[in-house]
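Asker: The structure is given below, and queries will be raised subsequently.
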């Protein structure tokens, strides 16, 4: 399948692109003109677009869209709103008009019911709003909500759903594996699940 990956040059996105390739998919990396694409495989197709200002055609000819992007911990609330909330919502809307068959969202633990007392309250609300927009879009969707991320590859020993310990960790390699699973696994259809590395 042709799979548009938003956030393809990020720590999780790079792993995801490689995971999709090993499964025989055709990942298309959504990148800004200024993005450093040197870590991506040379033969990966690039599609230029900025999540803060997406063109209408960005999802054309794609079977699946995966949102694995983020504004980053070093940016302020404005960029969180632009990328994590509004950028994600706009990508969902464009996926609808382009007849994409599934949209996979990388979300986070706590996005289902944001804690207003949390240091991450603004970020959690942005992710909540994006998730809710996807669920209301009519798209076939899957939402992956990992706990705290580590930069490890992981062992593919993964816990999903209610048994997840919210204080555990999730290796980025395991997250990429789960996102790739969610592309075509019918068990993920219409689900929003917590995820951790065991």
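Asker: May I ask you to verify whether residue 130 is at negative phi, in contact with a strand residue (DSSP E or B) (Cβ under 9 Å, 6 or more places away or on another chain) and part of a helix (DSSP H, G or I)?
Answerer: Numbers: at negative phi: yes; in contact with a strand residue (DSSP E or B) (Cβ under 9 Å, 6 or more places away or on another chain): yes; part of a helix (DSSP H, G or I): yes.
Criteria met by residue 130.
Asker: Ok, one more. Mind listing whichever residues of the range 133-169 are surrounded by 14 or more Cβ atoms within 10 Å (Cβ to Cβ) and outside any strand (DSSP E or B)? Quick ask: steps written out before the conclusion?
Answerer: In the first step, residues of the range 133-169 are kept if they are surrounded by 14 or more Cβ atoms within 10 Å (Cβ to Cβ); the result is 133-135, 137, 139-147, 149-150, 153-154, 158-160, 164, 168-169.
Within the range 133-169, 133, 134, 135, 137, 139, 140, 147, 153, 154, 164, 168 qualify.
Asker: Check 15, 32, 47, 21 and return the single one that is over 19 Å from residue 91 (Cβ atoms), surrounded by 12 or more Cβ atoms within 10 Å (Cβ to Cβ) and touching a strand residue (DSSP E or B) at 6+ places or on another chain (Cβ under 7 Å). Steps first, please.
Answerer: Working: 15 fails: touching a strand residue (DSSP E or B) at 6+ places or on another chain (Cβ under 7 Å); 32 fails: over 19 Å from residue 91 (Cβ atoms); 47 fails: over 19 Å from residue 91 (Cβ atoms).
When all the criteria are applied, what remains is 21.
Asker: Kindly indicate the residue of the range 53-85 that is in a loop (DSSP other than H, G, I, E, B) and at pLDDT below 95 and also surrounded by the fewest Cβ atoms within 10 Å (Cβ to Cβ) among those meeting that condition. Working first, answer last.
Answerer: Residues of the range 53-85 that are in a loop (DSSP other than H, G, I, E, B), as a first pass: 54-63, 68-76.
Pick out the ones that are also at pLDDT below 95 and you get 70-76.
On the way: 70: 25, 71: 21, 72: 11, 73: 8, 74: 6, 75: 14, 76: 9.
Within the range 53-85, the match that is surrounded by the fewest Cβ atoms within 10 Å (Cβ to Cβ) is 74.
The values are calculated or read from the model by the stated rules, or taken from the named source; none is laboratory data. Being a predicted model, the structure only gives us computed values, none of them experimental. Cβ coordinates were reconstructed from backbone atoms using ideal geometry, including for glycine residues, and neighbour counts include every protein chain displayed.
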